[in-house]
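Novice: To start, I am sharing the structure in question, which I have written as structure tokens.
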Amino acid sequence: MLFECVWFQENEIVHFLQEPEVIEYATVIAVVYSMVKQNYVMQEKIVRSLSLKTSFDELDSYTMMWSLRPFVEDKIMNRAWKCIYYPGDNSIDEA
């Protein structure tokens, strides 16, 4: 099944045919962007909250949150890597 996407630019209509694989790729990329952005915001908050008076327990919690990357899901990241996999490249299978 093909979906048609219309793009308007300077009074010109250009038609793009989008196959399901393209839609899946775009969706995966959008989800990855959202996850990375949420992770960045979390890291930014951690860095802003640090000071010389930060307790050891707080530092331990921040370290755990930083390393766990709670907003980044490995299954989705693996799916994203498969979207950019090139035939003949075995590096994705080795990981």
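Where a number appears in this text, it was derived from the coordinates with a stated rule and is not lab data. All values reported here derive from a predicted model rather than from experimental measurement. We place every Cβ from the backbone using ideal geometry, glycine too, and count neighbours over all the protein chains shown.
Novice: Which semi-axes, in whole Å and largest first, does the equivalent ellipsoid of region 39-86 have when worked out from the alpha carbon gyration tensor as the square roots of 5 times its eigenvalues? Intermediate results must be reported in sequence, preceding the final value.
Specialist: Working: eigenvalues 193, 21, 8 Å².
Over the Cα atoms of region 39-86, the semi-axes work out to 31, 10, 6 Å.
Novice: Moving to a separate point now. Under 27 Å Cα to Cα from Lys53, which lysines show up? Leave out anything in the same chain fewer than 8 places away.
Specialist: Qualifying lysines at Cα under 27 Å: Lys45.
Novice: What order do you get for Leu52, Leu59 when you list them from fewest to most C-beta neighbours inside 10 Å?
Specialist: Working: Leu52 4, Leu59 12.
Result, fewest neighbours first: Leu52, Leu59.
Novice: Among Val72, Val32, which comes first, second and so on when ranked by fewest other beta-carbon atoms within 10 Å? Mind showing how you got there, number by number?
Specialist: Numbers: Val72 13, Val32 18.
In order of increasing Cβ crowding within 10 Å: Val72, Val32.
Novice: What lysines could a cross-link reach from Lys75, if we take a straight Cα to Cα line under 20 Å and drop same-chain neighbours fewer than 8 places away?
Specialist: Leaving aside lysines fewer than 8 places away in the same chain, those within reach of Lys75 are Lys37.
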